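Engineer: The structure that follows is given in the form of structure tokens.
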């Protein structure tokens, strides 16, 4: 489905892939395909058991002027993503 990392949209193929994967296993299915904001987290949470985020957190740290600001940016993003997953996007 492409290279992971932050992107503008999740992509329509992800939901189909989750559906096909669930047809073969009872294990939870998590998706991490460039999720970088609350709306994308909410979208993925609508069809997957979990939302994986990596690059968006790394980007916040790299873009910050210092470690403290980076940690605060990561904390804020985590709150936004959690709100999206919980339906508060």
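Derivation of every value follows stated rules applied to the coordinates shown; laboratory data play no part. These numbers come from a predicted model, not from an experiment. Backbone-built Cβ (ideal geometry, glycine too); neighbour counts: all protein chains shown.
Engineer: Given 81, 77, which one is closer than 23 Å to residue 16 by Cα and not in a loop (DSSP other than H, G, I, E, B)?
Structural biologist: Every option except 81 fails the conditions.
Engineer: Report, by residue number, each residue of the range 46-71 that is loosely packed, with under 13 Cβ neighbours inside 10 Å and part of a helix (DSSP H, G or I).
Structural biologist: Of everything in the range 46-71, those that are loosely packed, with under 13 Cβ neighbours inside 10 Å and part of a helix (DSSP H, G or I) turn out to be 62, 63, 67, 68.
Engineer: How about the range 29-45: which of its residues are out of contact with any helix residue (DSSP H, G or I) (no Cβ under 8 Å at 6 or more places or on another chain) and in a loop (DSSP other than H, G, I, E, B)?
Structural biologist: 32
Engineer: Checking residue 26 against (1) within 21 Å of residue 84 (Cα to Cα); (2) out of contact with any helix residue (DSSP H, G or I) (no Cβ under 8 Å at 6 or more places or on another chain), which single condition isn't satisfied?
Structural biologist: Going through (1) within 21 Å of residue 84 (Cα to Cα); (2) out of contact with any helix residue (DSSP H, G or I) (no Cβ under 8 Å at 6 or more places or on another chain) one by one, residue 26 breaks only (1).
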